[in-house]
Amino acid sequence: MNSTFLKSMLIASTAFVAVASPSFAQNVIEGYEPVTADMLLNPPAEEWLMWRGNYENHGHSKLDKINKETVGDLELAWAWPMAVAGIQETAPLIHDGIMFLQTNNNIVEALDAKTGELIWKYTHALPELPATWSYQANQARRQKNSIALYGDKVILTTVDAKIVVLNAADGKTAWEKQVLDYNLGYSYTIGPVIADGKIISAISGCSIAGTAGGCYIMAHDVETGEEIWRFNTINDPNNPEQQASWGDVPPENRWGGTPWATGAYDAETNTTYWGVGMPGPYAELIRGSGDGEVLYTNSTLAINASTGELNWYYSHLPRDNWDLDAPFERILVDQEVDGVKHKMVVSVPGKIGIAWGLDRDTGKYLWSKETVVQNVVSSIDPDGKVNINEDLVFSSVGETHMICTSVSGGKLWQAASYNPDNASFFVPLNEACNTVAPTQTEFTAGNAVGAVKFGPRVLPEGITEAGLVQALTVSPTAGEDKWKVRSRPSITSSVLSTAGGLVFGGDAGRYLKAWDQDTGEEVWSQRLNAPIGGYPATYEIDGEQYLVVPTGYSNSASSISSAHPEVALPTGTGNSIFVYKLAK
């Protein structure tokens with residue numbers, strides 16, 4: 001399809017209309033303490049200032065009052081129903097005794113983190129979309145960690161591709177900026193990282209027909225919203241190798257490359273690290289890229305936070321044909337071995353479930369480790385070059401292959417955790433396979449250009465349990481097995497590790513669990529109202545440690561539910577948060 005015609009058709013099709021009411025403030029937070037740059041560099045242990053707790057994306061807390069000996073004394077302190085339905089991927093932030101909670105449809109709430117009392121609520125004015133724009137409409141239902149804290153502000157990225165800055169004290173809008181054109185399909189589904197005086201964010205919607213040619217990581221001035229730089233993940237004119245990797249496909253006919261998870265930040269080198277998603281259309285037969293690697297899809301990018309220039313990249317799955325993207329959290333790990341400091345990026349970046357260790361300064365491959373069953377990567381060379389199983393590459397429309405893992409298997413958005421005290425890496429995973437076949441599809445406004453058909457999700461042969469939490473001990477030379485815990489239902493939440501020797505997470509069976517970090521033994525559990533979801537966090541107020549856990553609708557539960565039919569899923573969404581503390 002002619003991309004110029006397609007874009008003009010999309011632009012002319014319809015403009016969005018605001019239909020929701022603006023924010024209103026029930027109360028005002030008196031004496032709110034601004035979040036400083038120093039706080040972000042060294043977050044107080046008793047607070048949870050970022051979606052994974054710190055710039056390094058560790059997902060680990062230094063708090064230890066809730067530990068192996070006391071976890072059995074946890075009791076419910078308070079609970080709160082979420083404002084709207086949709087997929088439960090929220091990441092509560094806690095500062096100065098306030099919990100800032102973002103929900104789907106870009107609603108932000110401020111609650112007293114000790115009592116659960118609502119202080120204020122912001123409701124973003126959402127666009128009204130044509131009924132045929134189904135993929136784009138779904139973006140509002142899967143908002144992840146869409147807020148960040150800085151100064152006396154709450155910084156929100158929205159489904160209509162805006163940055164909206166709210167006053168933390170009352171939820172009123174301080175300023176907003178339209179970043180990209182929502183009518184083309186662009187939207188935000190993840191929040192920014194605030195670093196180096198910038199709002200560093202990444203756009204979504206890059207698999208929607210109208211967004212051909214550009215998918216971006218961007219930096220805006222944190223005070224004014226002025227754009228400072230942008231990096232295009234599928235069109236880098238400064239790198240001939242990147243251009244050649246798409247074969248004869250010109251930039252205006254490229255899709256994909258969405259960074260689906262918020263990046264990490266190394267303040268010492270002023271570098272930000274992001275993962276990038278799959279190419280579009282999904283099969284090379286349809287997209288016309290031949291056997292090219294289609295860079296920078298399924299890659300780790302190291303970007304200079306001052307200039308937006310690329311320092312290095314590493315491709316985890318070149319030549320993706322199956323929507324097995326690798327965009328999820330990158331974790332920064334520092335270790336000293338024999339007096340030598342090693343700086344690494346450690347991650348299980350995507351659906352194939354392979355763990356990687358990379359040198360953080362150079363991108364050099366250090367090691368890899370397989371976790372779940374997969375048949376797509378046949379080998380990884382000593383220099384880190386990934387080789388795919390070419391028997392699974394499609395040669396004709398309708399040709400079908402069984403692919404492991406599935407489009408909803410392996411490692412998804414549910415984030416891993418790293419404990420620097422014992423070099424332990426805890427990863428939530430799921431076993432799943434499905435058939436994939438390329439199709440001939442008309443690209444239409446507001447819809448994805450995947451052009452494949454997926455079969456039902458099934459468990460790999462010989463596997464009877466969908467869920468897996470795997471612990472690895474990581475070093476500059478290896479990721480070694482520490483323990484594995486399997487569960488019949490799928491794992492549906494991120495995991496949180498703590499200095500109390502525990503790992504928290506949960507599953508589609510509605511069980512919130514605590515595992516012993518050393519052994520993987522389950523030491524506590526409680527069944528809640530819906531699958532455990534989002535990003536559990538912990539904080540401390542007046543000497544008491546709290547644990548906050550989201551629950552609600554989960555694609556990770558429903559997509560593989562046929563593999564564990566005895567585990568009933570709720571008919572409603574049940575989107576809520578539950579907050580625990582130790583009984584006195």
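Structure values in brief
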{"read-out": "Sole residue being under 24 Å from residue 344 (Cα atoms), part of a strand (DSSP E or B) and modelled with pLDDT of 95 or more, chosen from 272, 262", "value": "272"}
{"read-out": "Residues (under 22 Å from residue 449 (Cα atoms) and in a loop (DSSP other than H, G, I, E, B)) located in the stretch 129-151", "value": "129, 130, 131, 132, 133, 142, 143"}
{"read-out": "Per-region count, the stretch 134-173, residues farther than 20 Å from residue 100 by Cα and either without any contact (Cβ under 8 Å) to a residue 40 or more places away in the chain or surrounded by 21 or more Cβ atoms within 10 Å (Cβ to Cβ) (or both)", "value": "5"}
{"read-out": "Residue in the stretch 568-584 that is nearest to residue 92 (Cα to Cα), counting only those that are of a type in the set (Ser, Thr, Tyr) and at pLDDT 90 or above", "value": "576"}
{"read-out": "The stretch 420-445: number of residues that are open to solvent by 10 Å² or more (accessible area, probe 1.4 Å), among the polar types (S, T, N, Q) and out of contact with any helix residue (DSSP H, G or I) (no Cβ under 7 Å at 6 or more places or on another chain)", "value": "5"}
{"read-out": "The stretch 539-564 residues that are charged (D, E, K, R), paired with ones that are part of a strand (DSSP E or B) (beta carbon under 8 Å, 6 or more apart)", "value": "540/546; 544/581; 544/582"}
{"read-out": "Filter result for residue 118 (among the aliphatic types (A, V, I, L, M), buried (at least 18 other Cβ atoms within 10 Å of the Cβ) and closer than 17 Å to residue 30 by Cα)", "value": "no"}
{"read-out": "Test: residue in the stretch 225-233 that is of a type in the set (Gly, Ala, Ser) and either surrounded by 24 or more Cβ atoms within 10 Å (Cβ to Cβ) or farther than 30 Å from residue 27 by Cβ (or both)", "value": "no"}
{"read-out": "Residue that is most open to solvent (accessible area, probe 1.4 Å) [pool: residues in the stretch 283-299 that are over 15 Å from residue 389 (Cβ atoms) and hydrophobic (A, V, I, L, M, F, W, C)]", "value": "285"}
{"read-out": "Qualifying residue in the stretch 152-167 (condition: part of a loop (DSSP other than H, G, I, E, B), touching a helix residue (DSSP H, G or I) at 6+ places or on another chain (Cβ under 8 Å) and not hydrophobic (A, V, I, L, M, F, W, C))", "value": "yes"}
{"read-out": "Breaking point among (1) more than 23 Å from residue 303 (Cβ to Cβ); (2) assigned to a loop (DSSP other than H, G, I, E, B), for residue 362", "value": "(1)"}
{"read-out": "Positions within the stretch 553-584 being open to solvent by less than 40 Å² (accessible area, probe 1.4 Å) and under 24 Å from residue 434 (Cβ atoms), in sequence order", "value": "554, 556, 557, 559, 560, 561, 563, 564, 567"}
{"read-out": "Top-ranked residue in the stretch 484-515 [being open to solvent by 20 Å² or more (accessible area, probe 1.4 Å) and either in a strand (DSSP E or B) or small (Gly, Ala, Ser) (or both); ranked as nearest to residue 421 (Cα to Cα)]", "value": "499"}
{"read-out": "Considering residues of the stretch 360-402 that are surrounded by fewer than 12 Cβ atoms within 10 Å (Cβ to Cβ), of a type in the set (S, T, N, Q) and touching a residue at least 12 places away in the same chain (Cβ under 8 Å) only, the residue nearest to residue 335 (Cα to Cα)", "value": "395"}
{"read-out": "Given (1) open to solvent by 10 Å² or more (accessible area, probe 1.4 Å); (2) closer than 23 Å to residue 168 by Cβ; (3) of a type in the set (Val, Ile, Thr), index of the condition residue 70 fails", "value": "(2)"}
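The values are calculated or read from the model by the stated rules, or taken from the named source; none is laboratory data. All figures in this text were calculated on a predicted structure; none of them were measured in a lab. Positions of Cβ are backbone-derived with ideal geometry, glycine not excepted, and every protein chain shown enters the neighbour counts. For the accessible areas, the whole protein counts, side chains as well, though only heavy atoms, and no ligand, DNA or RNA atoms are used. Shrake-Rupley method; radii C 1.70, N 1.55, O 1.52, S 1.80 Å.
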